[in-house]
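Beneath this line is the structure, given in structure tokens, with notes to follow.
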Amino acid sequence: MSILTCEDDACTSRSTARLVPAYGFGYFDLAAGPDGRPRLLWYGRLGPAGTDAYHLLTCVDARCSA
């Protein structure tokens, strides 16, 4: 799972930040907190042999660059 960050309005310049390996997606929600950092809530598997579960991920900074 990665986050794509657009550097301009047309998203012609962009970067990605790799978060975690993911092998299955169900529900997926993205929200920005009051500090500007994104929060991702998703339901799926972190590994091919894993079981489906809810996962909450938060980037270190607002651009997910760290």
Among region 48-65, those whose backbone N falls under 18 Å of a label point 7 Å along Cα→Cβ from V20 are 48-61, 64-65
What does the chain give for Rg and for Dmax, in Å, if only its C-alpha atoms count? 13.0, 40
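Taking the Cβ of T16 as the center, what net charge do the other residues with Cβ under 13 Å away carry, scoring Lys and Arg +1 and Asp and Glu -1? Please report the intermediate quantities before stating the final value.
Numbers: positive: R14, R18, R63; negative: E7.
Residues near T16 contribute +2 overall.
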Average Cα contact separation per residue, the chain, under 8 Å, 6 or more apart, as relative contact order %: 25 percent
Counting Lys and Arg as +1 and Asp and Glu as -1, what is the net charge of the other residues whose Cβ lies under 14 Å from the Cβ of L4? +1
How much length is gained on full extension from L41 to R63, taking 0.36 nm per residue of separation minus their Cα-Cα distance? 6.2 nm
Using 19 Å as the cut-off for backbone N distance, which residues of region 40-64 belong to the label zone defined by a point 7 Å from the Cα of A10 along Cα→Cβ? none
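Bear in mind these aren't lab numbers, they're just calculated from the coordinates by the rules spelled out. Only a predicted model underlies this, so the values are computations on that prediction, with no experimental measurement involved. With ideal geometry, Cβ positions are generated from the backbone for all residues, glycine too; neighbour counts draw on all protein chains shown.
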